[in-house]
Amino acid sequence: MYPCLILKMDVILIAAITADGYIAHQSNEIITWSKDLKLFKKQTLGWPVIMGSNTYNTLAANLEEREMIVVHRGDDPEQGLSKIKQERCFIIGGGRTYTKFAKQLTHLYLTPHPIIFGGGIPRFPEFNINIELTFERLVPVDDAMGIYQFQYAVKR
């Protein structure tokens, strides 16, 4: 399945988010509140992961068995994606990187958490395009806490 016809690759945004839509309190935050790290590892293992430099700087260690691609503000998303030879990659953060790759996304894997920050780093800062989604599946993360990952495909 290759919804992204130009690149022939699935480009998947994956994010843990708060109930009010934030991905972090601040850009240099080391995320400790996310309950979906095991699922994140299972889903991204063996695939390239793309992140901004702030997200890279918050990692305690390299993500094993994943090609880590760090992008910067001036980088062209399509040019970067064209270098990937695999059928899937994951955009793992942060907000500006999600926005930069918004037009290339084929899927969104979002895990809302029962937390409200009331401010912080939004998932899509300065976002100005409309993306329609089709629900695909619900993946349990923590049934007792009511935490599930919602998987959507981008309508083309």
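Each reported figure results from applying straightforward, stated rules to the coordinates on display, with no laboratory input. In this text the structure is predicted, and so the values were computed from the model without any measurement. Heads up, the Cβs are rebuilt from the backbone with ideal geometry, glycines too, and the neighbour counts pull from every protein chain shown.
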Exercise. Find the eigenvalues of the gyration tensor of the Cα atoms of segment 1-84, then list the square roots of 5 times those eigenvalues as equivalent ellipsoid semi-axes, largest first, in whole angstrom.
Key: 23, 16, 14
Quiz item: Taking the Cα atoms of the chain alone, what are Rg (to one decimal) and Dmax (as a whole number) in Å?
Solution: 14.7, 43
Exercise. Compare the peptides 136-142, 93-99 by average per-residue count of other Cβ atoms within 10 angstrom and give them in order, highest first.
Key: 93-99, 136-142
Quiz item: Of Lys8/Lys155; Lys8/Lys83; Lys8/Lys38; Lys8/Lys103; Lys8/Lys85, which pairs sit farther than 19 Å apart, going by alpha carbon to alpha carbon?
Solution: Lys8/Lys38
Quiz item: Using alpha-carbon pairs under 8 Å, 6+ residues apart, how would you state the relative contact order of segment 10-154 in percent?
Solution: 35 percent
